[in-house]
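FYI, it's all coordinate maths here, none of it is from the lab. Just so it is clear, the model here is predicted, and its values are computed rather than measured. Here the Cβ positions follow ideal geometry from the backbone for every residue, glycine too, while neighbour counts run over all protein chains shown.
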Amino acid sequence: MRDHSELTLRKQKDFNKVYNRGRSKGSRFVVVLYRKNNLDFTRTAFVSSKKVGNSVERNRSRRLMKEAYRSLEGRVKKGYDIVFVARNTINDSKEQEVRKVMEKAMFAEGLLSSGRTDK
């Protein structure tokens with residue numbers, strides 16, 4: 001198993017590659033931006049801008065996205081950089097709703113293997 005810090009997208013140049021040359025899929029609560037990274041593992045980042053709200057709301061939105069991703073992580077295909085950007089509609093949602101929306105968006109873009117993990 002890889003170290004958690006190695007699986008997190010951190011460098012600005014990597015973010016810029018995803019933003020400028022990657023693809024995106026919007027959904028109700030989250031925008032999923034992704035790009036192949038030519039590695040044997042997938043790196044992720046969870047972003048929440050000031051449009052989402054104050055620091056408490058931004059941190060909650062990141063926690064919601066991380067927890068939703070954690071439940072899907074076993075099905076995510078390897079070799080991608082994925083950035084999840086919160087929309088301001090995420091504030092009044094539950095983790096299960098966010099997970100369903102993220103799952104649908106990622107599956108539509110071919111980032112998830114088939115097989116649902118409804119809990």
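Mind listing just one residue for me: the one in the range 9-43 that is of a type in the set (S, T, N, Q) and either touching a residue at least 60 places away in the same chain (Cβ under 8 Å) or in contact with a Leu (Cβ under 6 Å, 6 or more places away or on another chain) (or both) and, of those, farthest from Asn88 (Cα to Cα)?
That would be Ser24.
With the condition kept exactly as written, say whether any residue in the range 78-98 is closer than 25 Å to Gln12 by Cα, under 12 Å from the mean Cα position of the chain (by Cα) and part of a helix (DSSP H, G or I).
no
The conditions are (1) touching a Lys or Arg at 6+ places or on another chain (Cβ under 9 Å); (2) part of a helix (DSSP H, G or I); (3) crowded, with 19+ Cβ neighbours inside 10 Å; (4) of a type in the set (A, V, I, L, M, F, W, C), and Val52 fails exactly one of them. Which is it?
So the condition that Val52 fails would be (2).
Only one of (1) touching a residue at least 40 places away in the same chain (Cβ under 8 Å); (2) in a helix (DSSP H, G or I) fails for Phe46. Which number is that?
Result: Phe46 fails condition (2) only.
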